[in-house]
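This report refers to the structure that appears directly beneath it.
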Amino acid sequence: MKIPVFRAVRRPALTSGQIPGVNGNEGGRAALAVARRLGYIDFMTVQDAESERRFERRLMWRTMAIVAASGLVFTIVDVLSAQTEYERAGQAYHPVAIWVYDPTSVVIIVALAPLVMAFANRFRFADTPLPLWLAGHAVGALVFSAVHIALMVWLRKLVFFLFFDAPYIFTDNLPRDFVYELRKDILSYALMVLILFLLRTFAEQKRELAAARADARESQLITLKCGGRTMRFAADSFRFARSAGNYVEVHAGNATHFARATLAGLEELLRDAGLPVARVHRSYLVNRDAIETSAPSGSGDLVLTLAGGETVPCSRRYRDAIRA
């Protein structure tokens, strides 16, 4: 007898009315749920796709806003510094023309920012081998610099043609001045990629936390992550947690989990799941229902004994929390 084999199939985006099994019988819907949970069917609904597009648009506009604000600050500082240097050296300078150079460069950088972000999204550090990532961004920075210089020079020539008597001359030594601009452009390119990376990391963490809190409210399951691992456990199996540097040591059921989280974040998830948790120490969080006995330990502090036999310290400043 041949055994049927499930194969992972990536399907196009579908509306809820088009999802197989949704409008069928209970068995069809149950089979679809199992297949999706096991990863045999992987598709994105139209609503999910639109949510992703909104996420990417917000990320792009936030990155551009930070790039533009940074460029404005650097422009003001650079121009004022240049004025000071000219005056210190006793050199004459045009009070209006000096404000043309940096702003024209910043305008082009901001205009090119969406292209840099699109390229950076194709060469993400987490998804690309390091040699390929370095080579890709080296080429990207070089192309960015060449396009930036060309458009910047064209814009300055246009401004000088419209508002000044003398033409704009970019250089009398192209290799030297190209390298001069390239050094600055590599820094600008790297800063844009870094800003995008940091904003994406922060936004994805917020989105994951929102999904984990919704899961806790709806299914009373707690979802925690550590590195590439995802851990899930029933909220009512939680006994206590201890802060361990950048990690939290969570004791739930018969297992101990180490998650990259904070006690405050874990407390929010557990409260969303309806669990009566209490902060009993700056480094400890407990399930009040798991507390069996409490005994004084001196100086107003307590020692709590839990259902699993563990003992947890309770600072006097948190004593009221276990009675709430």
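What to note about this one:
- Heavy-atom accessible area with a 1.4 Å probe sorts Thr84, Thr104, largest first, into Thr84, Thr104.
- Here the Karplus curve 6.51 cos²θ - 1.76 cosθ + 1.60, taken at θ = phi - 60°, turns the phi angles of the range 152-162 into couplings of 5, 4, 4, 5, 5, 4, 5, 4, 5, 5, 7 Hz, with x standing for Gly and Pro.
- Radius 15 Å from Cβ of Arg316, net charge of other residues (Lys, Arg +1; Asp, Glu -1): +3
- Residues His148, His281, ordered by accessible area of protein heavy atoms at a 1.4 angstrom probe radius and largest first, appear as His281, His148.
- Global geometry of the range 169-272, whether rounded, prolate or oblate, following the gyration tensor of its Cα atoms and the 1.5 cut on a/c: prolate
- Sorting 193-202, 162-171 by average packing, meaning the other beta carbons within 10 Å per residue, from highest down gives 193-202, 162-171.
- Computed from the C-beta positions of Ala69 and Asn173, the FRET efficiency with R₀ = 41 Å rounds to 0.75.
- Accessible surface, the range 65-132, averaged per residue in Å² (probe 1.4 Å): 63 Å²
- With all protein chains modelled, accessible area of Trp99 [1.4 Å, Å²]: 100 Å²
- Cα coordinate range in the range 102-146, projected on the principal axes (Å, largest first): 36, 16, 11
- Other residues within the sphere of radius under 14 Å centred on the Cβ of Leu80, judged by their own Cβ, net out at -3 (K and R +1, D and E -1).
- q = 0.19 Å⁻¹: log10 I(q)/I(0) that the Debye formula gives for the range 34-187, counting C-alpha atoms only: -1.31
- Neighbourhood net charge (13 Å Cβ-Cβ; Lys/Arg +1, Asp/Glu -1) for Ile66: +3
- Across Asp320, Asp78, the residue with the most accessible area heads the list, and the full order at a 1.4 Å probe is Asp320, Asp78.
- Excluding same-chain neighbours fewer than eight residues apart, the aspartates and glutamates reachable from Lys225 by a Cα-Cα span under 17 Å are Glu204, Glu208, Asp215, Glu249, Glu267, Glu268.
The values are calculated or read from the model by the stated rules, or taken from the named source; none is laboratory data. This is a predicted model, so every value here is computed, not measured. Glycine also receives a Cβ, built like all others from the backbone with ideal geometry; neighbour counts cover every protein chain displayed. For accessibility, only protein heavy atoms count, side chains too; no ligands or nucleic acids. Shrake-Rupley method; radii C 1.70, N 1.55, O 1.52, S 1.80 Å.
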